[in-house]
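**Student:** Dropping the structure in here first, questions after.
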Amino acid sequence: MRKSRMERKTGETRVTVSLNLDGKGEAEVNTGIRFLDHLLSHLARHGGLDLEVRAEGDLAHHVAEDVMIVLGQCLDRALGKREGIRRMGDAIVPMDETLVMVSVDLSGRGYSSVEMKLGSKRVEDLEAGLLEHLLNTFAVNGRFNLHVLVLRGENDHHKAEATFKALGLALAEACSRRGKGIPSTKGVLS
Ligand SMILES: [Mn+2]
């Protein structure tokens, strides 16, 4: 089983994340930000990940950022040397009027290009402008390339939700096993 558990304690937040890449899609997420809990539950369900997140802190902004830092670190640790994985994964996911494309490469390098085209200042209880930053934080700390493109859509809840569902599917594909060895001609993913 590819599992990890990480903690982060700062003057601003306390965050604990447990991740099992070979799970059943079961999530227990309590960040105090209900929409973030909702999105991470979608990530777990569609990624086939078992995910436990406990977080508290001074401000929602700090908590959300730190959750994504620790989640990224957990992914990186659970993947180990990234041997025998497919490495790349992608998904195109609709939600009613919305259509989102997500593509990932578990390359060992953190990079993201995220274009969500959100029109509102808030999505439920989450600062809308924070979402692209949260995805970037996950990619950098998880050391993977992430591209997100909202191809069309109107509703910001749908755009965010379809993005996290697609991210789950893309990660599940990229983390899936296919043979032996490091999937790089360099012989190392870093
Ligand atoms: Mn929803």
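The values are calculated or read from the model by the stated rules, or taken from the named source; none is laboratory data. It should be emphasised that the depicted structure is a prediction, and the values quoted were computed from it without experimental measurement. In this analysis, Cβ positions are derived from the backbone assuming ideal geometry, glycine residues included, and neighbour counts consider all displayed protein chains. Only protein heavy atoms, including side chains, enter the accessible area calculation; ligands, DNA and RNA are left aside. Shrake-Rupley method; radii C 1.70, N 1.55, O 1.52, S 1.80 Å.
**Student:** Could you work out what % of the accessible surface of the chain is carbon and sulfur, using a 1.4 angstrom probe and leaving DNA, RNA and ligands out of the count?
**Tutor:** Answer for the chain is 46 percent, counting heavy atoms of protein chains only.
**Student:** For Cα pairs less than 8 Å apart in space and 6+ apart in sequence, what is the mean separation divided by the residue count of the range 86-190, i.e. the relative contact order in percent?
**Tutor:** 43
**Student:** Another question, then. Taking the chain as the region of interest, what is the percent of Cα-Cα pairs per 10 angstrom bin, listed from the shortest bin to the one with the maximum distance?
**Tutor:** P(r) for the chain, in whole percents per bin: 10, 39, 37, 12, 1.
**Student:** Another question, then. About the Cα centre, and with charges only on the beta carbon of Lys, Arg (+1) and Asp, Glu (-1), how big is the dipole of the range 3-175? Nearest 20 debye, please.
**Tutor:** 600
**Student:** Report the one residue of P94, S190, Y111 whose Cα lies farthest in the direction of the positive end of the charge dipole of the chain (charges on C-beta: Lys and Arg +1, Asp and Glu -1; origin at the Cα centre).
**Tutor:** About the Cα centre, the residue reaching furthest to the positive side is S190.
**Student:** Checking the table K81/K165; K3/K186; K9/K81; K117/K186 against a 30 Å threshold on Cα-Cα, which pairs fail?
**Tutor:** Over 30 Å apart, Cα to Cα: K117/K186.
**Student:** A follow-up question, please. Contact order normalised by length for the chain, with contacts defined as Cα pairs under 8 Å and 6 or more residues apart; what percent is it?
**Tutor:** 26
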